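Student: Below: one structure in C-alpha cells.
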Amino acid sequence: MRTSLSDRLAIDEIGSITSQPYSREDDQWGLSLLRLPDVNASEPNLRYILFGGVEIADTDEPDATFSPLQSFVFATAQENACVDTPSTLFVQSDCDFDARQFRAEGVNFTIDGAAVITGGGDGLH
C-alpha cells in the first residue's frame, strides 16, 4: 500500500514503514510518527518517531506479548555518517503508563521514558 503525506492508518494495516532520508538538494527530511497500543491497553502508549531514512518492518511473531509493530526489524540510512541530520528511530513510552516493552532486531527492550536507536539491519543502503 502506498501512502501520501499526512495519511493516517490503523496500525494493524502497516507491515512496514520507511521515512525518507535527508535530501540536501531539496532541503527535505522524512518524518513518520507511529502511536502503538500495548497488547493490554486500549490507548496508544508507545510512540515511534522515524527521523529521515528509517525503515521498520513488523516481525509478525506469533507472540501474545507484543502488539503489531512492537516486535520489529529496522534499518537506518548509512550512506553518509556525516550528514547534518542523521537517521534515527526515537521510541517513547507515555507518561501515564508503566514501563513498556518492545523488541527490535530480536532484542527485548523495556523503557519508561525514551530511547534513541540507530543502526539496524541491511535495509536502506
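Nothing in this text is a laboratory measurement; each read-out follows from the coordinates by a stated rule. Model, not experiment: these values are computed from the prediction. Methodologically, a virtual Cβ is constructed for each residue, glycine included, from the backbone with ideal geometry; neighbour enumeration extends over all protein chains shown.
Student: Assuming R0 = 41 Å, can you tell me the calculated FRET efficiency for the pair ASP94 and GLU25, based on Cβ-Cβ distance, to the nearest 0.05?
Tutor: 0.65
Student: Here's something else I'd like to know. Can you tell me the order of 105-112, 12-19 when each peptide is scored by its average per-residue count of other Cβ atoms within 10 angstrom, highest first? Spell out each step's value before the answer.
Tutor: On the way: 105-112: 11.2, 12-19: 15.5.
Answer by packing, highest mean first, reads 12-19, 105-112.
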